[in-house]
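Can you keep this structure in mind? I'll have questions shortly.
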Amino acid sequence: MARKIQAIRGMNDILPDQSSVWLYLEKTVADVVKSYGYQQIRFPIVENTDLFKRGVGETTDIVEKEMYTFDDRNGESLTLRPEGTASCVRAADQAGLLFNQVQRLWYTGPMFRYERPQKGRYRQFHQIGVESFGIGSADIDAELIILSARMWKQLGLLEHVELQLNTIGLASEREAFKVALVEYLTEFKDQLDEDSQRRLTTNPLRILDSKDESTQSVLKAAPSLDDFIGKESKTHFDLLQAILKANNVPFVINHRLVRGLDYYGKTVFEWVTSHLGSQATVCAGGRYDGLVEQLGGKATPGVGFAMGIERLVLLLETLDLIPDSAKFSTDVFIVSMGDAAEIASFVLAEHIREIDSSRVVLRHCGGGNFKNQMKKADKSEARFTIILGQDEIDQGVCQVKDMSTGEQQTCSLVDVPAYIDDKL
Ligand code: ATP
Ligand code: MG
């Protein structure tokens, strides 16, 4: 036998028993974002490597060690997108949608990062991202966060996630903070984990994010970013908090929250859960006023977030929050014996779908004896099984079996679609 080829490590198939949860999640989110006026944008999975180097930042984890980068046949360096914001900016700017305009956009699709696969962390994973462009004031930050809270509400997740909020100020404020932080941490360099030691020179802000205990204890007495935040950023942050409070969106301020991508400034936020172990963040975002310009466009403020679909699916499953209506189920299974009945069963199935196009109607295909067909009907877990044989056809009727009670009755072929629709 030929050797079977397996999927790439960290890249999962979404099998039929899971895909209905995905569809439910995607549909719920799509409806919510639409109700806030966001329109979908789609862009390629592959981009020029430079887009992410410049957009995400050379010294971020993503660019330093997580990208799937390869040369195409022309020797051009391409990268499988590790996130969506840079691509979204590239696409929107290229189409002339950004300068002096307000845009509310969202996207969904696979992202690729070479990380150590574990629960909630994969090499191909999926995000839904929401971005808004053209508004520099805090009201749009608030709109996005309120929108995300509504998504959790719709999904039954609101009480299971916590909003963490911070302001990381302007670039100049972060620079001043970085100098103070590096000065302080250099004194304790040998107590820092290896990554953090390296980051002292490459990306010191990220040290605040370290999970290492020794590093965290050194950080306790470190200078606080909060002390470096200027008036403009503070006012922005205050308005955001006031709007959230007025809308009863609870949050906690986490001064250590910095986010791993270079493009953020002012507002950053994460929605975290205590139900998924260390892969706790289900949604993360913030303001990125410098990004469009950094990517060669005219200065345009932006703010957005991305949520990890796998982690949300895990969370919905862990908390048993998937409504029955979202699960795949068969409404009607049609069994037929003989050529005339088989043909009639097609017509009947179409009649049932005609009345309500959301009905799941399965016809037994491939022939087989009555007993076998009934076994298939049982296995399908359909609510109703309709049985059609030559006798039924001759009389213009069918047998309708309610699979939940086992009751069977004769029904005219003309009336059965309405009868079933009424019962379902
Ligand atoms: P983390 O700190 O968990 O690595 P991140 O800061 O790298 O997350 P972002 O780039 O902000 O993540 O992506 C937004 C969201 O996408 C995350 O909050 C998470 O839900 C999801 N996500 C990120 N990386 C992965 C991954 N490798 N596998 C599954 N989901 C992911
Ligand atoms: Mg990461």
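The values are calculated or read from the model by the stated rules, or taken from the named source; none is laboratory data. Keep in mind that this is a model prediction, so the values were computed, not measured. Cβ sites come from the backbone with ideal geometry, for glycine too, and all protein chains shown count toward neighbours. Surface accessibility is based on the protein's heavy atoms, side chains included, excluding ligands, DNA and RNA. Shrake-Rupley method; radii C 1.70, N 1.55, O 1.52, S 1.80 Å.
For the chain, what is the accessible area per residue in Å², given a 1.4 Å probe and the full set of protein chains? Intermediate values should be presented prior to the final figure.
Working: 21150 Å² over 424 residues.
Solvent-accessible surface per residue comes out at 50 Å².
Any idea what angle helix 171-187 forms with the longest principal axis of the chain, computed on alpha-carbon atoms, 0 to 90 degrees, nearest 10?
Computed tilt is about 70 degrees.
Then there's this: Treating the angle as unsigned and between 0 and 90°, give the value, to the nearest 10°, between the Cα long axis of helix 85-94 and the longest Cα principal axis of the chain.
For helix 85-94, the angle is close to 90 degrees.
Hey, another quick one. Can you give the net charge of the other residues whose Cβ lies under 10 Å from the Cβ of ALA280, counting K and R as +1 and D and E as -1?
Numbers: positive: ARG311; negative: GLU162, GLU270.
Summing Lys and Arg as +1 and Asp and Glu as -1 gives -1.
How many angstrom separate the Cα center of region 1-50 from the Cα center of region 86-105?
That distance is 22 Å.
Treating only the Cβ of Lys, Arg, Asp and Glu as charged (+1, +1, -1, -1), what charge dipole size does the chain show about its Cα centre? Round to the nearest 20 debye. The partial results should precede the final answer.
Numbers: 48 positive and 61 negative charges, 126 e Å.
With Lys and Arg at +1 and Asp and Glu at -1, about 600 debye.
Now, a different point. ³J(HN,Hα) across region 224-237 via Karplus (A = 6.51, B = -1.76, C = 1.60, θ = phi - 60°), whole Hz, x for Gly/Pro?
9, 3, 3, 5, 9, 7, x, 4, 4, 5, 5, 4, 4, 5
Taking amide hydrogens as modeled 1.01 Å from N in the peptide plane, which residues meet the under 5 Å criterion relative to LYS266, leaving out close sequence neighbours?
ILE168, GLY169, LEU170
Which residue, chosen from PHE52, LEU219, ILE5, occupies the Cα position most advanced towards the positive end of the dipole of the chain, where the dipole is computed from +1 (Lys, Arg) and -1 (Asp, Glu) charges on Cβ about the Cα centre?
Comparing the listed Cα positions along the dipole, LEU219 ranks first.
If the viscosity is 1.306 mPa s and the temperature 10 °C, what translational diffusion coefficient in µm²/s does Stokes-Einstein give for the chain when Rh comes from Kirkwood over Cα pairs? Spell out each step's value before the answer.
Numbers: Rh = 25.0 Å.
In µm²/s, the coefficient is 64.
Over 24 Å between Cα atoms: which of LYS327/LYS375; LYS153/LYS211; LYS65/LYS220; LYS34/LYS153; LYS327/LYS401 fall into that group? Can you show the working numbers first?
Values: LYS327/LYS375 22 Å; LYS153/LYS211 30 Å; LYS65/LYS220 28 Å; LYS34/LYS153 16 Å; LYS327/LYS401 22 Å.
Long pairs (Cα-Cα over 24 Å): LYS153/LYS211; LYS65/LYS220.
Cα centroid distance between region 227-284 and region 292-324, in Å?
15 Å
Here is a further query. Return the carbon/sulfur percentage of the accessible area of the chain, one whole number, probe 1.4 Å, all protein chains in place.
Working: 10490 of 21150 Å².
Its accessible area is 50 percent carbon and sulfur atoms.
Among residues other than LEU157 whose Cβ falls under 14 Å from its Cβ, what is the net charge (Lys/Arg +1, Asp/Glu -1)?
Values: positive: ARG150, LYS153, ARG311; negative: GLU159, GLU162, GLU317, ASP320.
So the surrounding residues net to -1.
Related question: How much of the DSSP beta bridge set in region 329-422 is antiparallel, as a percent to the nearest 5? Walk me through the numbers before you get to the answer.
Details: 9 of 17 bridges.
Looking only at bridges with both residues in region 329-422, the antiparallel portion is about 55 percent.
Where nothing but the Cβ of Lys and Arg (+1) and of Asp and Glu (-1) is charged, how large is the charge dipole of region 329-422 around its Cα centre, in debye to the nearest 20? Write out the running numbers ahead of the final one.
On the way: 9 positive and 16 negative charges, 98 e Å.
Computed about the Cα centre, the dipole is about 480 debye.
Per residue of region 150-164, in order, report the coupling 6.51 cos²θ - 1.76 cosθ + 1.60 (Karplus, θ = phi - 60°) as ³J(HN,Hα) in whole Hz, putting x for Gly and Pro.
5, 4, 5, 4, 4, 8, x, 9, 3, 7, 10, 10, 10, 8, 10
Additional query: Count charges around ALA377 for me, please; just the other residues with Cβ under 13 Å from its Cβ, Lys/Arg as +1, Asp/Glu as -1. Before the final figure, lay out the partial values.
Values: positive: ARG363, LYS371, LYS375, LYS376, LYS379, ARG383, LYS401; negative: ASP331, ASP378, GLU381, ASP402.
With Lys, Arg at +1 and Asp, Glu at -1, the net is +3.
Cβ neighbours within 10 Å, averaged per peptide: list 359-372, 386-399 in order, most packed at the top.
Details: 359-372: 13.6, 386-399: 17.7.
Averaged packing, sorted descending, gives the order 386-399, 359-372.
Before rounding to the nearest 500, sum -39500 (n - 2.57) across all DSSP H runs of length at least 4 in the chain and divide by the residue total; then give [θ] at 222 nm in deg cm²/dmol. Write down the numbers at each step before the final one.
Working: 14 runs with 161 residues, N = 424.
Roughly -11500 deg cm²/dmol at 222 nm, from the helical runs in the chain.
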